[in-house]
Amino acid sequence: MHYSFLPYDSVFPKLFEKEKSHLQQILGNDFVIEHFGSTSVSGLGGKGVVDIYVLTLKEKVKIVSKTLQENKYVFSDFFKDEDHLLHQIDREHEGRKYHYHIHVSSMENINFKNCIIFRDFLRTHPEAVGEYIQLKHLALEKIKNITDKKERVQIYLKTKGSIIEKIIQQSKK
C-alpha cells in the first residue's frame with residue numbers, strides 16, 4: 001500500500017452517504033454502517049481512503065463478506081481476524097476515482113468500538129487533530145525508504161498508535 005498524505009476533502013461525507021446507500025441496497029437495512037478513519041473527521045488529512053464499518057452478528061460476518069464479493073467488492077486477506085474482514089472497491093465520483101475500505105465486523109469487535117471512540121474525540125477536539133496530523137507526517141517520514149509492505153504498515157501504525165491509545169483510554173474514563 002502506498003502511503004501519502006492528502007488534505008481533507010469536504011466531499012468525503014457525501015461519498016460515505018452514497019456508499020452507505022449502495023451497501024444498504026445490497027445488504028438490506030439490518031446493519032449498522034459507520035464512517036471512520038481520516039475521511040470521517042473534518043480537517044483531518046490522510047490517505048484519502050473512505051473507511052466504512054458494516055456491523056453484523058458474529059455468525060453473519062462471513063455471509064456478509066460473501067455477498068460483498070458477489071457484488072464486486074474485492075476481499076483482502078490483510079487482516080487474519082475472522083471477526084474483521086476487509087473488502088476494497090474503487091468508485092468514480094465527478095470524474096475522480098476514490099478508494100473505499102469496507103470492514104465487515106461483529107458489533108462486539110473492540111477495534112470497531114475503539115475506532116468510533118477515536119473518531120468522535122477528534123470530531124470534538126480540533127487541537128488533537130493537529131497533533132495527530134503531525135504524527136501522521138512523522139510516520140510517513142519513517143517509512144519512506146522501507147519497501148516491505150508489512151514492515152511499512154507496522155511502523156506506520158506504531159508511530160500513530162501512541163496518540164490513538166492515549167485518546168481511547170482518556171475517553172473511556
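Readers should treat all values here as calculations from the given coordinates under stated rules, not as data from a laboratory. Nothing here was measured: the structure is a model prediction, and the numbers come from that model. No Cβ is skipped: glycine too gets one built from the backbone with ideal geometry, and neighbour counts run over all protein chains shown.
Condition check: more than 16 Å from Cys115 (Cα to Cα), loosely packed, with under 14 Cβ neighbours inside 10 Å and hydroxyl-bearing (Ser, Thr, Tyr). Does Ser10 satisfy that?
On the way: more than 16 Å from Cys115 (Cα to Cα): yes; loosely packed, with under 14 Cβ neighbours inside 10 Å: yes; hydroxyl-bearing (Ser, Thr, Tyr): yes.
Spelling it out, Ser10 is indeed more than 16 Å from Cys115 (Cα to Cα), loosely packed, with under 14 Cβ neighbours inside 10 Å and hydroxyl-bearing (Ser, Thr, Tyr).
With (1) of a type in the set (A, V, I, L, M, F, W, C); (2) in contact with a Lys or Arg (Cβ under 7 Å, 6 or more places away or on another chain); (3) touching a residue at least 40 places away in the same chain (Cβ under 8 Å) as the list, and Ile89 as the residue in question, which single condition is left unmet?
With (1) of a type in the set (A, V, I, L, M, F, W, C); (2) in contact with a Lys or Arg (Cβ under 7 Å, 6 or more places away or on another chain); (3) touching a residue at least 40 places away in the same chain (Cβ under 8 Å) applied to Ile89, the lone miss is (3).
Every residue in region 36-60 that is under 16 Å from Ile110 (Cα atoms) and not β-branched (Val, Ile, Thr), please. Even if it seems obvious, please write down each step before you answer.
In the first step, residues of region 36-60 are kept if they are under 16 Å from Ile110 (Cα atoms); the result is 36-37, 52-58.
If the condition is that a residue be under 16 Å from Ile110 (Cα atoms) and not β-branched (Val, Ile, Thr), then Phe36, Gly37, Tyr53, Leu55, Leu57, Lys58 are the ones that fit.
Cβ-Cβ distance below 6 Å, separation of 6 or more or different chains: which pairs start in region 2-24 with a residue that is basic (Lys, Arg) and end on one that is surrounded by 12 or more Cβ atoms within 10 Å (Cβ to Cβ)?
Taking only residues 6 or more apart or on different chains, the pairs are Lys20/Ile33.
Out of all the residues in region 130-173, which are within 17 Å of the chain's Cα centre (by Cα) and surrounded by fewer than 15 Cβ atoms within 10 Å (Cβ to Cβ)?
Within region 130-173, Gln154, Leu157, Lys158, Gly161, Glu165 qualify.
For every residue, the table says whether it meets (1) in contact (Cβ under 8 Å) with a residue 60 or more places away in the chain; (2) among the aliphatic types (A, V, I, L, M); (3) assigned to a helix (DSSP H, G or I); (4) touching a helix residue (DSSP H, G or I) at 6+ places or on another chain (Cβ under 6 Å).
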residue	(1), (2), (3), (4)
Ile116	yes, yes, yes, no
Leu135	no, yes, yes, yes
Glu151	no, no, yes, no
Ile167	no, yes, yes, yes
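Among Ser42, Ser105, which is the only one that is polar (S, T, N, Q), in a strand (DSSP E or B) and closer than 25 Å to Ile163 by Cβ? Explain how you work it out, then say what you get.
On the way: Ser42 fails: in a strand (DSSP E or B).
From the options Ser42, Ser105, the qualifying one is Ser105.
Residue-by-condition table, conditions (1) exposed (fewer than 14 other Cβ atoms within 10 Å of the Cβ); (2) within 13 Å of the chain's Cα centre (by Cα):
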{"position": "Asp30", "(1), (2)": "yes, no"}
{"position": "Ile33", "(1), (2)": "no, yes"}
{"position": "Val41", "(1), (2)": "no, yes"}
{"position": "Val50", "(1), (2)": "no, yes"}
{"position": "Glu59", "(1), (2)": "yes, no"}
{"position": "Val64", "(1), (2)": "no, no"}
{"position": "Gly95", "(1), (2)": "yes, no"}
{"position": "Asn109", "(1), (2)": "no, no"}
{"position": "Phe112", "(1), (2)": "no, yes"}
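Taking the criterion of being more than 29 Å from Lys166 (Cα to Cα), part of a strand (DSSP E or B) and among the acidic types (Asp, Glu), would at least one residue in region 77-96 satisfy it?
There is at least one residue in region 77-96 that is more than 29 Å from Lys166 (Cα to Cα), part of a strand (DSSP E or B) and among the acidic types (Asp, Glu).
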